[in-house]
Each structure stands twice: as structure tokens, then as C-alpha cells.
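Scroll down for the structure; my scribbles are underneath it.
Throughout, read-outs are computed from the coordinates displayed, never taken from laboratory work. Owing to the predicted nature of the structure, the values given are computational and were not obtained by experimental measurement. Here the Cβ positions follow ideal geometry from the backbone for every residue, glycine too, while neighbour counts run over all protein chains shown.
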Amino acid sequence: MIGLVVPSAAEMGPCGPIRSACDAKIVSPNGPDDEMGPVRFAWLELTPHCNLRCLHCYADSTPERRASTAMEVADWKRTLRVLNERRCAGIQFIGGEPMLHPAFEELVSFSRSLAFARIEVFTNGTALTDNNIDFLSQHGVHLNVSVYSHDAAAHDHVTGVDGSWQRSMAGLQRAVGRLSMHCAVVAVASNTEPSDTVEFLRGIGISSISVHQTRPVGRGITVTRGESKTCGQCNSGCIAIGYDGLVRPCVFRREEILASVDDYLTG
Ligand code: SF4
């Protein structure tokens, strides 16, 4: 059995909630010397498809990009099973928008049937309904939600989709008090202050919030100046498994292929 100490927002690395479980102090109740698996946290990039088209998206996701067929549901389940056997403690479903993957709930349920200490979903919040919030709550899922501004027009300018702020905020407000949740304020909107967005989020009952800069990855190249691609804590027991059937060291190190998923799982 693996224990997990969840870090405060201040303890998170610069990649913030994308790395929250990665940076979490995943510890064995048998003490710090208890042997852990070499990978303690895995990002599972379920799909390149997203209903938004954010200016800074590291994954180049858009509504036009469709799900890849390189990883079928059976491949994801095999991946989850092997990660669990290797004592990986935390996973995060990410995309694209992972909640739009047709097998999202099936994969969350399957993950819960295994012994992961922490299951996270990184979402834009637009697909949060009462029903799926109940589902996520029943499965003990921790939610990370990206927010760009307290101002609807500024947020929608970043996402490229009118009405996205309204939908994300409605989802967030439904989830407050029902899910363990963190909001990542990404400083992309040039005409609003991240601190005002933090105050706004506090006002609707969200207490775990962090502020992040964009990273020069994917479309982030066009809106980022001088920031490093990564948080500098690379090779610390994390991997990213992609919808394209490839394994990378981090979601931000997209050009670095470690192995095919097949080779990784059988290696
Ligand atoms: S919500 Fe996330 S995955 Fe979707 S376009 Fe924006 S940054 Fe990319």
C-alpha cells in the first residue's frame, strides 16, 4: 500500500498541477527506504482532441484533431495494469481534453480497480456535468482545471472559443465542495492580472490555486518568451504515455521519445 502526501500549491514545481502528482511526496508507509517502483507518476495523454483551441496549447490540440487509433482501450488498460504492477503510485489523465475520450469513464473505473494511490484528471472544465462530477467523486478522482482569466472575454480570447469561460465556470461551480480540486491560472491573457483571477476563484470557493507561465512547447512557442520548456525536475520518476503509442520523459519534452508503449510495457 502506498501513501501519498499531496503538496500545497506553493510546494508544486513550476509546471504546477500538470506535475502535481509528480511533485507530490509519494511515500511508502513503511518509511522512505521502502523500495518504490522506478516510475512513480505517469501522465496518460488520452487524445489530441479538445473542444478548445488555446493560444498556448503545448499539445497543439484543437476541435479538428480526432482521437488517435494507435492506443485502443485495451492498450490503455494493459498500460494501466503494467504501471500498477510496477508500483507506479499516481496517474493523470490529460489530453487534449481527456473527458471527451469515448472511454474516459471506463478507463477511470478500471484505474480505480487497481491500486493507484492517486488518480488525477487535467481538464478545461467545460464538460463537467452533475452526473460526471458524481462519477468522479465516487471514484476518488482529483481534478486539475486550467483557467485563464476572471474576465470572460479575456479567457475566451485565449481559448479561441466564445462561451468557453461560461461553460468552464459553470462546471467549476458545480464541482466545488464535491471534488478534490485545484485550479491552475495560466498567465496567457495579456490584459488581466492573474492575481485578480486567483481572487475570483477564491470567491467561488476554490482554495487550492496556483499561477503558471506558459511553456515554449507546441503553440506555446508563439506566446512564450524566455521560459524553460520544463521545470528542471526531469528524470524524477515520471513518464508520459501518448495517444500516439509513444513514451516520453515529460509532456513538455515531446520530441524526446524513450520507447514505443509496446517496448516499454514488455521491457
Ligand atoms: S484546454 Fe488544454 S488541451 Fe485544450 S486547447 Fe486548451 S491547453 Fe490545449
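Sequentially through region 137-147, phi angles give Karplus couplings (6.51, -1.76, 1.60; θ = phi - 60°) of 5, 4, 9, x, 8, 9, 9, 10, 10, 8, 9 Hz, Gly and Pro residues having no value and appearing as x.
Convex hull over the Cα atoms of region 68-150, averaged projected area in nm²?
About 6.0 nm², averaged over all directions.
When the alpha carbon coordinates of region 18-266 are projected onto the principal axes, the ranges are 48, 37, 36 Å, largest first. For T62, nonlocal amide neighbours, meaning residues 5 or more places apart or on other chains whose placed amide H falls under 5 Å from its own, are C50. Couplings for region 151-166, taken from phi via the Karplus curve 6.51 cos²θ - 1.76 cosθ + 1.60 with θ = phi - 60°, read 9, 4, 5, 5, 4, 5, 4, 5, 7, x, 9, 4, x, 5, 4, 4 Hz in order; Gly and Pro are left as x.
Applied to region 84-94, the Karplus parametrisation 6.51 cos²θ - 1.76 cosθ + 1.60 on θ = phi - 60° returns per-residue 3J(HN,Hα) values of 5, 4, 8, 6, 5, 8, x, 10, 9, 7, 8 Hz, with x for Gly and Pro.
Shown for V261, V82: other C-beta atoms within 10 Å of each C-beta, ranked fewest to most, produce the order V82, V261. Over all other residues within a Cβ to Cβ distance under 15 Å of G245, the charged ones net out to -2, with Lys and Arg as +1 and Asp and Glu as -1.
Grab the other residues whose beta carbon is less than 14 angstrom from that of F200, score K and R as +1, D and E as -1, and report the net. Computed value for this residue: -3. Near M181, the amide H atoms lying under 5 Å from its own belong to L143; only residues 5 or more places off or on other chains count, and H is placed 1.01 Å from N.
Projected onto its three principal axes, the C-alpha set of region 93-210 covers 45, 27, 21 Å, listed from the longest axis down.
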